[in-house]
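Quick notes on the structure that follows.
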Amino acid sequence: MKKIAILGCTGSIGRQTLDIVRSNQDKYKITGLSCGSRASDLAAVAHEFSCKKLGIAADDKYAELKGLAPDAELFCGDDALTAVMDDADTVVIAVVGMIGLKAVLYALKMGKTVALANKESLVAGGSIVTERLKHGGTIYPVDSEHSAVWQCLQGEKHFKRIVLTASGGPFYFTDTDLHDVTPEQAVKHPNWNMGKKISVDSATMMNKGLEIIEARWLFNTTSIDYVIHPESVVHSFVEFNDGSIKAQASFPDMRLPIQYALCYPEHAERNYTPLKLPLSLNFLPPDETKFPAPKLAKQAIASGGNSCAVLNAANEAAVSLFLERKIPFTDIVRIVEDALNSEPHCDLTSADDVFETHNRVQKKIYCKYRGQ
């Protein structure tokens, strides 16, 4: 029986991971759970799965969690991410934000298998994570696009190009003046049910830029393109040197890539919505005039050093400001571009360098727009 810890168990990916465990309790045992601040939700999940090692990031929620789970071993702060994974074979890292980098590096140091659903750790700290991988541990991608590439590469030694697919988000097919887009409009993704931050990233198409950066580290290549595929049925392509192309397709359901990361190399049985044939599928060119974010991501990859960390930090801050209604939608990518052009370029040699870059960039942006 595989022992699993889930970091970010109350979020979208965390809840769907719990669904998979719920349906396969003969295969998986949950040995650790953590969340940000939802103490009552965490306690309920812990009770359901008889998990006695719990972590909550918010210090002010510790007492509440203690009252709800008096018999559990509790951790808070950074320990909420690290200590709860000690007994696990596989760690599902589904937390949002840069804190995920600490969790990934710790899990790899402990020789764990990481089912990775945290973008920031590879986007901002890809070189640091890659270096740590040389000394042990394994990463399996959970993102639907990266899981698709991973599945297409099984049994293959060489490939020519990766082509990620993008739905186009809520605005690719509209004539909406993007300057006037509201947070409520931006978080309504046409195909996926996701958190607010990733939904806004999808609307700006920065999410595809972040995925391009992740793919660069996961598959050790810069030969990465993308196409607009509004149906979200084909999740990625891999092109080979002889011109052949493999694609992975399924009904859009994040449980598939989560389960594949948990049970690799097996495609285990599960309840799913089958694709109904015949299918009408569209593949359209990107519009990088309207959505320049992926182009900025490729430029950051080419620049190297701390450029991807700068891009990630600026985007995270800008999305927060947009959700707070302090900036218009179109300022998100403009702020990212300004940061890439103005921040000093340097190499990253440690996780501390990544966090220093992240904090410095965000502080400048928040000072300008929040006055703090």
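The values are calculated or read from the model by the stated rules, or taken from the named source; none is laboratory data. Given the structure is predicted, the values throughout are model-derived calculations rather than measurements. Glycine gets a Cβ as well: all are built from the backbone with ideal geometry, and neighbour counts include every protein chain shown. With ligands, DNA and RNA removed, areas are computed over all heavy atoms of the protein, side chains included. Shrake-Rupley method; radii C 1.70, N 1.55, O 1.52, S 1.80 Å.
Structural remarks
- Within a Gaussian network of the chain (alpha carbon springs, distance under 10 Å), most fluctuating of D242, D19, D201: D242
- Averaging over all projection directions, the Cα-based convex hull of region 195-307 occupies 9.5 nm² in the image plane.
- Overall Cα dimensions of region 84-150, principal axis frame, Å, largest first: 29, 22, 21
- Cα-based equivalent ellipsoid of region 52-176: semi-axis lengths in Å, sorted from largest, via gyration tensor: 32, 21, 13
- Here the peptides 52-65, 97-110 are ranked by packing, the mean other Cβ count within 10 Å, and the order with the highest first is 97-110, 52-65.
- Translational diffusion coefficient (Stokes-Einstein; Kirkwood radius from C-alpha pairs) of region 145-199 at 25 °C, 0.890 mPa s, in µm²/s: 176
- Each of S342, S307 has its accessible area taken with a 1.4 Å probe; listed largest first, they run S342, S307.
- Relative contact order (%) - criterion: Cα under 8 Å, at least six apart; region: region 142-229: 41
- Within the chain, DSSP assigns beta bridges of which about 25% are antiparallel (rounded to the nearest 5).
- Each 10 Å bin, from zero up to the one with the longest distance, holds this percent of the alpha carbon pairs of region 103-200: 12, 33, 31, 18, 6, 0.
- For region 20-86, Kirkwood radius (reciprocal of mean inverse C-alpha pair distance, Å): 11.7
- Heavy-atom accessible area per residue - the chain, 1.4 Å, Å²: 44
- Ellipsoid semi-axes for region 259-351, based on the Cα gyration tensor and the rule √(5λ), read 34, 21, 16 Å when sorted largest first.
- Of the listed residues F171, F283, the order by accessible area with a 1.4 Å probe, largest first, is F283, F171.
- For region 3-46: relative contact order, % (alpha-carbon pairs under 8 angstrom, 6 or more apart): 48
- Separation of the K134 and D347 label points, Cα + 7 Å toward Cβ, nm: 1.2
- Dipole of the chain [Lys/Arg +1, Asp/Glu -1 at C-beta], most positive-end residue of I30, F173, V45: I30
- Quotient of Cα Rg and 2.2 N^0.38 Å for region 325-372, N being how many residues it contains: 1.27
- Across the options S127, T182, A88, the greatest Cα extent toward the positive end of the charge dipole of region 59-200 (unit charges at beta carbon of Lys, Arg, Asp, Glu) belongs to S127.
- Separation of alpha-carbon centers, region 289-317 and region 20-96, rounded to whole Å: 34
- Relative contact order computed over the chain (Cα-Cα under 8 Å; 6+ residues apart), in percent: 15
- Helix runs (DSSP H) in the chain reaching 20 Å along axis by Cα, Kyte-Doolittle at least -0.5: 307-323
- In region 278-372, the trypsin sites (Lys or Arg not before Pro) that fall in loop regions by DSSP, at most 15 other Cβ within 10 Å: K290, R325, K326
- Kirkwood Rh, Cα atoms: Rg over Rh of the chain: 0.95
- Carbon and sulfur %, accessible surface of the chain computed with the full protein complex present, 1.4 Å: 49
- Cβ charges +1 (Lys, Arg) and -1 (Asp, Glu), total dipole of the chain, debye: 280
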